[in-house]
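The structure appears right after this line, and notes come after that.
The values are calculated or read from the model by the stated rules, or taken from the named source; none is laboratory data. Computed from a predicted structure; not experimentally measured. Quick reminder, even Gly has a Cβ in these numbers, built from the backbone with ideal geometry, and neighbours come from all protein chains shown.
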Amino acid sequence: MQRVKLALAELEVCRLCPRDCEVDRLNNETGVCKCGRYAMVSSYGAHLGEEDCLRGTRGSGTIFFSWCNLRCVFCQNYDISWLGEGRVTPPSELAGMMLRLQQLGCHNINFVTPEHVVPHILEALLPAIERGLRLPLVYNTGGYDSLESIQLMNGIVDVYMPDFKLWNAETARRYLKAPRYPETARRAILEMHRQVGPLVFDEHGLALRGLLVRHLVMPGLVEETREILKWIAQELGANTYVNLMDQYCPAGKVGETEYPEINRRISLEEYETALESARAAGLRRLDQRALRRFATACM
Ligand code: SF4
């Protein structure tokens with residue numbers, strides 16, 4: 001209860017994330033993330049598209065929050081993160097969604113894009129746990145989290161699943177509209193790792209606790225991939241579970257006239273280079289799904 005109060009107080013002069021907008025979200029003022037006093041949810045359900053260790057046989061219980069504190073120009077969920085598709089969801093309703101996902105048999109509750117709604121999640125978890133929620137909680141973030149937010153989640157989140165998108169400030173400025181993204185993501189991911197350690201599975205191969213880092217290989221940016229993978233191995237350990245994603249597809253604002261240099265899928269050679277970078281860094285635990293697709297494509 002004390003932690004919920006502390007978290008909600010953060011909304012009064014909002015510095016919940018590194019944007020430091022300092023707007024009064026308790027009175028529904030909005031900053032970069034456009035979200036006020038209550039969270040907005042775009043959709044929720046049993047999701048079978050996540051990593052095998054999250055989706056299992058009955059799906060990962062995803063709750064997609066509307067809006068976002070990042071401005072990724074290539075966002076695959078542009079309608080949700082840029083245009084705010086979804087509806088206002090007070091804490092009791094958010095708690096009800098978590099319990100419904102549990103009833104459906106989902107293996108976990110997977111908060112997608114939670115950076116700007118950490119207090120709202122904590123506020124909803126209280127009644128949800130009182131009413132019987134007991135699934136592992138997954139914090140599925142773009143990686144632009146403040147240290148304070150991640151510390152508010154200490155002891156509550158079971159699995160942290162951050163993206164580490166870009167390494168250089170200039171590319172982060174161009175493609176995420178957040179030049180401080182690389183240093184912010186590094187700091188946040190270190191804290192996540194400190195809290196939960198490497199990813200561990202149960203006897204069925206489902207994620208129980210730990211860190212799973214996602215990295216989307218981008219066209220023309222394999223050097224960034226190399227630096228990110230090297231950092232992960234050096235700072236978090238070669239045992240870190242990494243999903244080296246191959247599914248980049250032009251979306252959002254990317255097209256022939258805007259950001260034309262990333263207006264294509266990645267090539268097989270680029271993904272192969274990314275894999276070589278992972279091997280050179282010594283990373284031992286790569287998620288197998290993209291690797292299987294790559295092997296099939298090479299046949
Ligand atoms: S959570 Fe939203 S309002 Fe608060 S600092 Fe971040 S972007 Fe700004």
Quiz item: How about region 252-291: which of its residues are out of contact with any helix residue (DSSP H, G or I) (no Cβ under 6 Å at 6 or more places or on another chain) and among the aromatic types (Phe, Trp, Tyr)?
Solution: Tyr259
Quiz item: Considering only region 196-209, how many residues are farther than 13 Å from Asp287 by Cβ and in contact with a strand residue (DSSP E or B) (Cβ under 7 Å, 6 or more places away or on another chain)?
Solution: 7
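For the structure I just gave you, tell me whether Ile129 is at negative phi, under 19 Å from the mean Cα position of the chain (by Cα), away from the ligand (no atom under 13 Å from the Cβ) and in a helix (DSSP H, G or I). Walk me through how you get there before you give the answer.
On the way: at negative phi: yes; under 19 Å from the mean Cα position of the chain (by Cα): no; away from the ligand (no atom under 13 Å from the Cβ): yes; in a helix (DSSP H, G or I): yes.
Against the criterion (at negative phi, under 19 Å from the mean Cα position of the chain (by Cα), away from the ligand (no atom under 13 Å from the Cβ) and in a helix (DSSP H, G or I)), Ile129 does not qualify.
Where residues in region 145-175 are among the polar types (S, T, N, Q) and not in a helix (DSSP H, G or I), which of them is farthest from Pro119 (Cα to Cα)?
First, pick out the residues of region 145-175 that are among the polar types (S, T, N, Q): 146, 149, 151, 154, 168, 171.
Subsequent filtering for residues that are not in a helix (DSSP H, G or I) retains 146, 154, 168.
Details: Ser146: 13, Asn154: 13, Asn168: 30 Å.
That would be Asn168.
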Exercise. Please identify the pairs in which a residue from region 203-218 that is closer than 16 Å to Val138 by Cα has its Cβ atom under 6 Å from the Cβ atom of a residue that is hydroxyl-bearing (Ser, Thr, Tyr), counting only partners at least 6 apart or on another chain.
Key: Leu211/Tyr160; Leu212/Tyr241
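Rundown of residues vs (1) under 18 Å from Glu115 (Cβ atoms); (2) buried (at least 18 other Cβ atoms within 10 Å of the Cβ); (3) aliphatic (A, V, I, L, M); (4) in contact with a Ser or Thr (Cβ under 9 Å, 6 or more places away or on another chain), yes/no style:
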site: Arg15; (1), (2), (3), (4): yes, no, no, yes
site: Pro18; (1), (2), (3), (4): yes, yes, no, yes
site: Val23; (1), (2), (3), (4): yes, yes, yes, yes
site: Asn27; (1), (2), (3), (4): no, no, no, no
site: Cys35; (1), (2), (3), (4): yes, yes, no, yes
site: Asp52; (1), (2), (3), (4): no, no, no, no
site: Gly56; (1), (2), (3), (4): no, yes, no, no
site: Thr62; (1), (2), (3), (4): yes, yes, no, yes
Quiz item: Do you know which of the residues in region 225-249 that are within 23 Å of Cys298 (Cβ to Cβ) and not polar (S, T, N, Q) is surrounded by the fewest Cβ atoms within 10 Å (Cβ to Cβ)?
Solution: Cys249
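Look through Ala207, Ala188 and report the one residue that is within 15 Å of the chain's Cα centre (by Cα) and within 23 Å of Gly155 (Cα to Cα). Explain how you work it out, then say what you get.
Numbers: Ala207 fails: within 15 Å of the chain's Cα centre (by Cα).
Within the list Ala207, Ala188, the selection yields Ala188.
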Quiz item: Which residue pairs have Cβ atoms under 6 Å apart, sit 6 or more places apart or on different chains, and have a first residue in region 12-30 that is over 17 Å from Met40 (Cβ atoms) and a second that is more than 6 Å from the ligand (Cβ to nearest atom) and aliphatic (A, V, I, L, M)?
Solution: Glu12/Leu26; Glu22/Val13
Exercise. Give Arg25, Arg71 a once-over and let me know the one that is basic (Lys, Arg) and closer than 30 Å to Tyr248 by Cα.
Key: Arg71
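Would you check if Ala178 is part of a loop (DSSP other than H, G, I, E, B), within 17 Å of Arg71 (Cβ to Cβ) and at pLDDT 95 or above? First the steps, then the outcome.
Working: part of a loop (DSSP other than H, G, I, E, B): yes; within 17 Å of Arg71 (Cβ to Cβ): yes; at pLDDT 95 or above: yes.
Yes; evaluated as a whole, the condition is true for this residue.
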Practice problem: Report whether or not His107 is in a loop (DSSP other than H, G, I, E, B), more than 15 Å from the ligand (Cβ to nearest atom) and either crowded, with 24+ Cβ neighbours inside 10 Å or among the hydroxyl-bearing types (Ser, Thr, Tyr) (or both). | Solution: yes
Quiz prompt | Every residue from region 255-276 that is closer than 24 Å to Glu50 by Cβ and assigned to a loop (DSSP other than H, G, I, E, B) | solution = Arg265, Ile266
Self-check item: Subset tally (residues that are under 25 Å from Asp79 (Cα atoms) and small (Gly, Ala, Ser)) for region 208-267
Solution: 3
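Residues that are away from the ligand (no atom under 15 Å from the Cβ) and within 18 Å of the chain's Cα centre (by Cα), at least 3 per element: which helices (runs of 4 or more DSSP H) completely within region 1-99 meet that? Walk me through it before giving the result.
Numbers: elements: 2-9, 52-55, 78-81.
Because the criterion is at least 3 residues that are away from the ligand (no atom under 15 Å from the Cβ) and within 18 Å of the chain's Cα centre (by Cα), the helices (runs of 4 or more DSSP H) in region 1-99 that meet it are 52-55, 78-81.
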Quiz item: Does Gly220 meet the test of being modelled with pLDDT of 95 or more, closer than 22 Å to Arg264 by Cβ and surrounded by fewer than 21 Cβ atoms within 10 Å (Cβ to Cβ)?
Solution: yes
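Could you identify the single residue in Ser92, Ser81 that is small (Gly, Ala, Ser) and surrounded by fewer than 20 Cβ atoms within 10 Å (Cβ to Cβ)? Please lay out each step first, then the result.
Numbers: Ser81 fails: surrounded by fewer than 20 Cβ atoms within 10 Å (Cβ to Cβ).
One residue alone meets the criteria, Ser92.
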